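Data block below; observations after.
Every number in this text was worked out from the coordinates using simple rules, so none of it is lab data. None of the values given here were measured: they were computed from a predicted structure. Using ideal geometry, Cβ is built from the backbone for each residue, glycine included, and neighbour counts are taken over all protein chains shown.
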Amino acid sequence: MSGSVIDLSIIDLVLVYGLVLIAASLARFNRIGQERDLLWSSLRMIVQLLVVGYLLKMVFTIASPLPVLLILLIMGGFAVHAVGARVKEKMPRFYQIVGLAMFTGCGGATFFFCALVIGLTPWYDPRYLIPLSGMIIGNSLTGASLAAERLTAEMKERRQEIETSLCLGATSRQASAEAVRSAFRAALIPSINAMATMGLVFLPGMMTGQILSGTEPLLAVRYQIAIMCVITASVAVTSFLILLLGYRAFFTPAHQLRIQP
């Protein structure tokens, strides 16, 4: 039916959840020990999405920026926590650095897109601001995690090289430049790969959702191009700030490396 959304009943959801049970059965059959994690994660997903759905339905009816800003703040907090959970070896002042970087990178990208590109009226319109912020923050998680994890690994692997450079008169920035470059390169790889294969290998979720809801395909494509540009900028700025602030955390004010042998 053109211009309308096909409804999904509880029975439909039960049917598709059977696919998760098949995946868990395959995990158990092959004795990889992840069937419990798979089932638990799927149940968490269902509960979390239902809670978010009811919460958004309530927020959409309230003409106030306060609940919208509160939701965005909670999303940002969980995002920083998620990055921390992914990174095993953390740099000094990890949460402060990642939190500031994500707030600046993701927040700046969201403001640019919502205020200057699509011109939301009002600026806190939850139907646009919350989903778009979620996509930008969610897609920035991988880049932020890779930047933070790779920087710590590079600094440890290059410890002797960095200390030698410091002894020869290099500043902390000069001594750690190659480690920062390597970490930044790794952080951008997922975004580069996603843009390179988008449209040929897979159709992204935002575009697919808009088409299913009845949006004209070319308009959905324009939105997807715009959001991917914003996401890429968010990943780049967030990762850059993590590396810029992060490498300094490995050194004392006297340019001495904090990492011990």
Given springs between every Cα pair under 10 Å in a Gaussian network model of the chain, which of 205, 134, 143 has the largest fluctuation?
-> 205
Rounded to a whole number of µm²/s, how large is the Stokes-Einstein D of the stretch 19-72 at 4 °C and 1.567 mPa s, given Rh as the Kirkwood radius over C-alpha pairs?
-> 97
Return the FRET efficiency for the residue pair residue 168, residue 103: r is the Cβ-Cβ distance, R0 is 41 Å, and the value is rounded to the nearest 0.05.
-> 0.65
Net lengthening on full extension, residue 195/residue 255 (0.36 nm per residue, minus Cα-Cα) | 17.7 nm
When a footprinting reagent is the concern and you count Cβ atoms within 10 Å, what order do 239, 165 take, fewest first?
-> 165, 239
Starting from the Cα-Cα distance between residue 43 and residue 178, subtract it from 0.36 nm times their residue separation and give me the gain in nm to one decimal.
-> 44.3 nm
Arrange 207, 45 by Cβ neighbour counts within 10 Å, fewest through most, would you?
-> 45, 207
Sorted by chain and number, the residues with a modelled amide H under 5 Å from that of residue 251, at a separation of 5 or more or across chains, are 258
Between the stretch 66-95 and the stretch 163-188, the alpha-carbon center distance in angstrom = 26
Unit-weight point scatterers at every alpha-carbon of the stretch 160-217, Debye formula, q = 0.13, 0.15, 0.26 1/Å: log10 I(q)/I(0) is -0.56, -0.62, -0.97
Okay, helix-only estimate at 222 nm for the chain: each DSSP H run of n ≥ 4 adds -39500 (n - 2.57), divide by all residues, round to 500 deg cm²/dmol; what do you get?
-> -25500 deg cm²/dmol
Of the labelled options (i) 41; (ii) 45; (iii) 65, which one gives percent of Cα pairs over 29 Å apart as computed for this structure?
-> (ii)
